[in-house]
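Undergrad: Before I ask anything, let me first share the structure, which is written out below as C-alpha cells.
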Amino acid sequence: MHPQLQAIVDQFEQALARLHALASELPEPAWTWRPAPGRWSVGECVAHLNLTSAAYLPPLRAVFRSEAPKTRPGVRYRRDPLGWLMWWMVGPPVRIRVKTTARFIPQGSTPAKTLIADFERWQRDQIACVHEAEGHDLNLLRIRSPFDPRVGYNAYACLTILPRHQHRHLWQAERACAGLLSRRAG
C-alpha cells in the first residue's frame, strides 16, 4: 500500500483504539452526560462521527469505482488549498468552532454498545475505502462536502480529513469524560 494511504489507515485504527480506551473508562449511563449546556456528550460525539462516516463513504466509493484517472507509481499525494484548510480546521485541539449542519447533529440517545459497534463497522468500511483508493490519482479526483455542497476538495484531502475529524471529536469526548470523572471524584 502507498505509504500516505497507510498513514490514513493508521489514523483510523488509532481513532478506534481511542474510542475503546474511552469506553473502558466510562460506564454506559455517563455517555449521555453533557459537560456544559450546548456541549456534546461522549455519546453525541460518537454519534456525530457515525453520521459523518455514513455521509462521506458513498461519494468516496463512487469516485473510486468510476473511471477515475489512475496514478503513476511513486506519486506524492497533496491536499489542495481548500482541503488543507479544512484538514487544519477539523483537527484537535479545536482552533475554530464551526456550527454543524442539522443533518450531522445527533438526535436522541443511542446506547453506548450500539454507538461503538456502529463506529467499528464504519471504521472497517473507511479502511476498506482507503484500500479502494490505491492506484487512483487522488490529487485530481474531487469530492463535494456533505456538510456543504458548495465546498469541494481533492480525494486525498478528504481521506485525511475524515480521521482527523474523528480525532477532534474523540478529543472532545475525552475531555467530557475527564470532566465527569473529576466531578465524581470531587
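The values are calculated or read from the model by the stated rules, or taken from the named source; none is laboratory data. Quick caveat, the model's predicted, so the values are computed rather than measured. Quick reminder, even Gly has a Cβ in these numbers, built from the backbone with ideal geometry, and neighbours come from all protein chains shown. Just the protein is used for accessible areas: all its heavy atoms, side chains included, with ligands, DNA and RNA removed. Shrake-Rupley method; radii C 1.70, N 1.55, O 1.52, S 1.80 Å.
Undergrad: Give the range 110-144 a look and list any residue that's basic (Lys, Arg) and either open to solvent by less than 40 Å² (accessible area, probe 1.4 Å) or in contact with a helix residue (DSSP H, G or I) (Cβ under 8 Å, 6 or more places away or on another chain) (or both), or say none.
TA: Filtering the range 110-144 down to residues basic (Lys, Arg) leaves 113, 121, 124, 142, 144.
Within the range 110-144, 113, 142, 144 meet the criteria.
Undergrad: Name the residues in the range 57-77 that are within 28 Å of residue 18 (Cα to Cα) and in contact with a strand residue (DSSP E or B) (Cβ under 8 Å, 6 or more places away or on another chain), would you? So that I can check it myself, show each step before the final result.
TA: Step one: list which residues in the range 57-77 are within 28 Å of residue 18 (Cα to Cα), which gives 57-61, 77.
Those that are within 28 Å of residue 18 (Cα to Cα) and in contact with a strand residue (DSSP E or B) (Cβ under 8 Å, 6 or more places away or on another chain): 59, 60.
Undergrad: Another one. Check off (1) modelled with pLDDT of 85 or more; (2) open to solvent by less than 50 Å² (accessible area, probe 1.4 Å); (3) in contact with a helix residue (DSSP H, G or I) (Cβ under 7 Å, 6 or more places away or on another chain) for residue 147 and give me the number that stays unchecked.
TA: Tallying (1) modelled with pLDDT of 85 or more; (2) open to solvent by less than 50 Å² (accessible area, probe 1.4 Å); (3) in contact with a helix residue (DSSP H, G or I) (Cβ under 7 Å, 6 or more places away or on another chain), residue 147 fails exactly one: (2).
Undergrad: Here is a list: 47, 30, 21. Which entry is free of Cβ contacts under 8 Å to residues at least 40 places away in the same chain and surrounded by 11 or more Cβ atoms within 10 Å (Cβ to Cβ)?
TA: The match here is 21.
Undergrad: Another question, if that's okay. Taking residue 128 as the residue in question, decide whether it is small (Gly, Ala, Ser), assigned to a helix (DSSP H, G or I) and within 21 Å of residue 1 (Cβ to Cβ). Before you say what the answer is, go through the steps one by one.
TA: Details: small (Gly, Ala, Ser): yes; assigned to a helix (DSSP H, G or I): yes; within 21 Å of residue 1 (Cβ to Cβ): yes.
So residue 128 fits the description; yes.
Undergrad: Here's something else I'd like to know. In the range 81-117, how many residues are within 19 Å of the chain's Cα centre (by Cα) and assigned to a loop (DSSP other than H, G, I, E, B)?
TA: The qualifying residues number 15.
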